[in-house]
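Remarks on the structure that follows.
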Amino acid sequence: MNNHELLVKNVWSVGANDPGRRLFDGLIPLPDGTSYNAYLVKGSEKTALIDSVDPQYSGKLLENLHAQQVTKLDYIISNHAEQDHSGSIPAVLQRYPEAQVVTNAKNRDFLISLLHISEDRIQVIHDGERLSLGDATLRFYLTPWVHWPETMVTYLEEEKILFSCDFFGSHLAPEYLTSKDDEATLRAAKRYFAEIMMPFSPIIAKNLEKLSPLDISMIAPSHGPVFGNPAFVMNAYREWIKPSYRNKVILPYVSMHGSTEVMVNHLTKELEEQQQIPVERFDLTEADIGELAMALVDAPTLILATPTVLQGAHPAAAYAAMLVNALRPPLKHIGLIGSFGWGTRMVEQITSLLPNSKADLFDPVLIKGLPRPENLQDLTTLASSIATKHASIFTN
Ligand SMILES: Cc1cc2nc3c(=O)[nH]c(=O)nc-3n(C[C@H](O)[C@H](O)[C@H](O)COP(=O)(O)O)c2cc1C
Ligand SMILES: [Fe+2]
Ligand SMILES: [Fe+2]
């Protein structure tokens, strides 16, 4: 995305690209970097900035506003208090002392506590309220828990643009402004959904419904490209929240000395060759957890494979279980397999790490030491139990 690029008449993209960023929230890998999009709307009477950028790019945002000859700024609309969008608001308020932040009451409280913005610089709006900029009208819709409690979206009525902030975002740092609506864009949006939005799928469904009466000609999110064809990303969201299951098994695993790996290989072979169920394996010592999250969006079954380490699961597997618990994927079935040496409590441990899960548990398959051929029978049985469950999902 180039600097201060014209989006439609009187609306400019004035944010910043961050192609080199590799990690978000100290957790999420960013193979393609990201962008912090902010938008400038120049009405006949007033000028508004919609969201800001990560604080390290404050200078770039101010430069872009300067290049747009913004000498007076009336409003800064804050759709979301997370610092990648709000973090430059203090710098903008300092540069434009007449500007007021416009946001909802919850977001006001966040901005005060997270950024120490003075209360008298914040104007509170309510759900459905309008703000006139002269010949341009902004309307605000509260969309809580997409993905924080204060999140909202802003709709420019005349141009029918939805400024959706994180909703419909993707971690991409594109050189172009408008989405190419290709496979790579869809993957990035799905990955973003999986990492950020999936835990809130039921409430996202309600928010999608809330926005559905709007006539939207363009979605301008705060990460990644703008969608000139809103149906491209909105229909994808409808699929992901449903969810539409695929006939596959997700198999994250770790093995220190190869015994659990023998089990993983046998189960994979049984599932793929005997049961015709594709397996997506993730070696947890090197897996990109964004890829794992994405695989879980439409997976009915997860089998976690781990040796026992100091009574419990290997820490990499415990971490995967915690992620699954936090991301709340729509799993129907979960299983646990692995090798141990002398005694294990990993079933109790992993189960206790999954309190949010509503999935059924297969009988665990735990094998002492290096599996012998006769031990592997339990995995053959597990594969056939999985196939029975999948048959009922995919024939209904
Ligand atoms: C650091 C370490 C700690 C272990 N702690 C336990 C344990 O508490 N209980 C147990 O039954 N086995 C324990 N084991 C043994 C492994 O679970 C066993 O060797 C298993 O077969 C390893 O599987 P892998 O080859 O897939 O890594 C431990 C092994 C290591 C290396
Ligand atoms: Fe966010
Ligand atoms: Fe964000």
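The values are calculated or read from the model by the stated rules, or taken from the named source; none is laboratory data. Everything quoted here is computed from the prediction, not taken from an experiment. Every residue, glycine among them, receives a Cβ derived from its backbone with ideal geometry; neighbour counts consider all protein chains shown. Areas reflect the complete protein model, heavy atoms only, side chains present, ligands, DNA and RNA absent. Shrake-Rupley method; radii C 1.70, N 1.55, O 1.52, S 1.80 Å.
If you find the alpha carbon centre of the range 118-194 and of the range 84-106, how far apart are they in angstrom? The distance from the Cα centre of the range 118-194 to that of the range 84-106 comes to 16 Å.
For the chain, a crude dipole built from +1 on the beta carbon of Lys and Arg and -1 on the beta carbon of Asp and Glu, taken about the Cα centre, is about 480 debye to the nearest 20. Result for the chain in a Gaussian network model with C-alpha springs under 10 Å: among Val365, Val102, Val53, the largest mean-square fluctuation is at Val365.
Measuring nothing but how far apart in sequence close Cα pairs (under 8 Å, 6+ apart) lie, relative to its length, the chain scores a relative contact order of 12 percent.
Dipole magnitude for the range 111-256: computed about the Cα centre from +1 point charges on Lys and Arg Cβ and -1 point charges on Asp and Glu Cβ, it is near 740 debye. Charged side chains reduced to their Cβ positions (Lys and Arg at +1, Asp and Glu at -1) give the range 205-319 a dipole of some 420 debye around its Cα centre.
Listed peptides 124-132, 32-40 appear in the order 32-40, 124-132 once ranked by packing, highest mean of other Cβ atoms within 10 Å at the front. In terms of accessible area, using a 1.4 Å probe and ignoring ligands and nucleic acids, Ser86, Ser244 rank largest first as Ser244, Ser86. When the convex hull of its Cα atoms is viewed from all sides, the chain shows a mean projected area of 20.3 nm². Please label the shape of the range 131-188 as rounded, prolate or oblate, based on the square roots a ≥ b ≥ c of the eigenvalues of the alpha-carbon gyration tensor (a/c under 1.5 means rounded; beyond that, a/b larger than b/c means prolate, else oblate). Cα axes put the range 131-188 in the oblate bin.
Work out the P(r) tail for the range 55-172: percent of alpha carbon pairs separated by more than 26 Å, whole number. That tail contains 15 percent of the Cα-Cα pairs.
From the cross-link list Lys332/Lys389; Lys269/Lys368; Lys210/Lys358; Lys60/Lys190, which pairs have alpha carbons spaced over 19 Å apart? Distance filter (> 19 Å) returns Lys269/Lys368; Lys210/Lys358; Lys60/Lys190. The alpha carbons of the range 1-81 stretch over 43, 24, 21 Å along the principal axes, in descending order.
With the Cα gyration tensor of the range 5-241 giving a ≥ b ≥ c as the square roots of its eigenvalues, does the rule (a/c under 1.5 for rounded; else a/b larger than b/c for prolate; else oblate) give rounded, prolate or oblate? Rounded. Here the range 324-376 and the range 235-273 have alpha carbon centers that stand 13 Å from each other. The Stokes-Einstein estimate for the range 249-395, based on a Kirkwood radius over Cα pairs and taken at 25 °C with 0.890 mPa s viscosity, is a diffusion coefficient of 163 µm²/s.
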